[in-house]
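Report on the structure given below.
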Amino acid sequence: MSDSGGSFDGAGQLTAAQANAAMLALTARLQSTLGERGAAGEPSGLDEKEAPGEDGAPGDDGASGEPLSGETPGTGGEATAAGPPVAVAAHTTQSPVTVAGFDRMLVEELGLSSVAAHVQASAATAGLDPPPYFGTEVLARMLELRYEHPVGSQRLDLFPGQAITRAEAAWSLAALMSMNDWSVSSAREALSAFELPQMSAAQRQALTLAVSRIGYPYVWGGTTDNTADGLEHGGFDCSGFAWRVFKVSGLPWGKKIRGRTAAEQARNGWRPRSSSPATCCSSARRTSTAGPPRATSSTRASTWGTTG
């Protein structure tokens, strides 16, 4: 995977039929794993799925910020007199399937749709106008279900609204299947408590712009949504994202940034005050991207676009 071009270049787009077949197989695998753990008396660490909206926001459960109930992945949610709940796989009619659409399916398979709805509602209530896939992308990025292409192959990076390739989808499925229970339970615990502080109008303006870039690729040295900065793909690194949000957009705080790189910004004395939009963005980002690192993926492709 170090040379992602050889593994991903030229891969075909994922169709709805292929995605639905993959989810059926994944549901069966998750159910089998839960059954084995149950027989051994081991906790699963996973929760049940609920029915989300088609290819968009999850269902309403948890969207109001009420306590989130436990669930079992791969189930319709209710046990019957005949036995345990019947498995229901995530489904889509979108073809080809987008990155955001596929991530939504993975989050649903993990039983985290209500958590995604809570994150979505929290950002909306704060007046940040999040894109409809914000909650599920926060979870997908926190769980590191996306592959980060290395420098030299970043032309293969995808935006949330682009069609996902079969190679990218296969990598995400493999990442999910290798995930330990702690990763899922940790994400559930952290994001069930997700909330945003009171913000000034300036803070809300900056965060609204930052939130709109959820799921954009991590690109080393990147500062723009496109290739205007001369790099092979649109996207950002950490200091480049601060540059994009504050400097390129013309926000007043950008006048205080006198260097492009993190070292230059620090050396020239740009230190966000505790009440500044940058601090608000940073603290919210940390809240929603904490989690154990995995060597084959990247925490840098994070909630607001980058943590690098």
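The values are calculated or read from the model by the stated rules, or taken from the named source; none is laboratory data. Treat the numbers as computed from the prediction; the structure is a model and nothing was measured. Here the Cβ positions follow ideal geometry from the backbone for every residue, glycine too, while neighbour counts run over all protein chains shown.
When each of ARG213, ARG244, ARG285 is tested for being crowded, with 19+ Cβ neighbours inside 10 Å, at pLDDT 50 or above and part of a helix (DSSP H, G or I), the lone residue that passes is ARG244.
Just a yes or no: is a residue in region 186-197 farther than 29 Å from GLY111 by Cα, aromatic (Phe, Trp, Tyr) and within 25 Å of the chain's Cα centre (by Cα)? No, every residue in region 186-197 fails to be farther than 29 Å from GLY111 by Cα, aromatic (Phe, Trp, Tyr) and within 25 Å of the chain's Cα centre (by Cα). Residue check: THR223 meets all listed conditions (1) closer than 19 Å to PRO130 by Cβ; (2) crowded, with 19+ Cβ neighbours inside 10 Å but one, namely (1).
Considering GLU195, GLU189, the condition of being touching a residue at least 60 places away in the same chain (Cβ under 8 Å), of a type in the set (Asp, Glu) and surrounded by fewer than 19 Cβ atoms within 10 Å (Cβ to Cβ) is satisfied by GLU195 alone.
Taking region 221-235 as the range and being more than 15 Å from HIS149 (Cβ to Cβ) and either among the small types (Gly, Ala, Ser) or in contact with a Phe, Trp or Tyr (Cβ under 9 Å, 6 or more places away or on another chain) (or both) as the test, the residues that pass are THR223, THR224, ASP225, ALA228, GLY230. If you take the residues of region 189-210 that are more than 21 Å from TRP253 (Cβ to Cβ) and of a type outside the set (A, V, I, L, M), which of them is modelled with the lowest pLDDT? Step by step, filter region 189-210, then rank; the result is GLU195.
If you go through region 93-117 and keep only what is assigned to a helix (DSSP H, G or I), in contact with a Gly (Cβ under 9 Å, 6 or more places away or on another chain) and crowded, with 24+ Cβ neighbours inside 10 Å, you end up with VAL99, ALA100, GLY101, ASP103, ARG104, VAL107, SER113, SER114, VAL115, ALA116, ALA117. The set of residues in region 140-188 being under 26 Å from GLY234 (Cβ atoms) and either touching a Pro at 6+ places or on another chain (Cβ under 6 Å) or basic (Lys, Arg) (or both) consists of ARG141, ARG146, ARG155, ASP157, ALA163, ARG166.
Could you tell me whether SER172 is crowded, with 19+ Cβ neighbours inside 10 Å and in a helix (DSSP H, G or I)? Criteria met by SER172.
A count restricted to region 159-169 and to residues that are surrounded by fewer than 21 Cβ atoms within 10 Å (Cβ to Cβ) and assigned to a loop (DSSP other than H, G, I, E, B) stands at 3.
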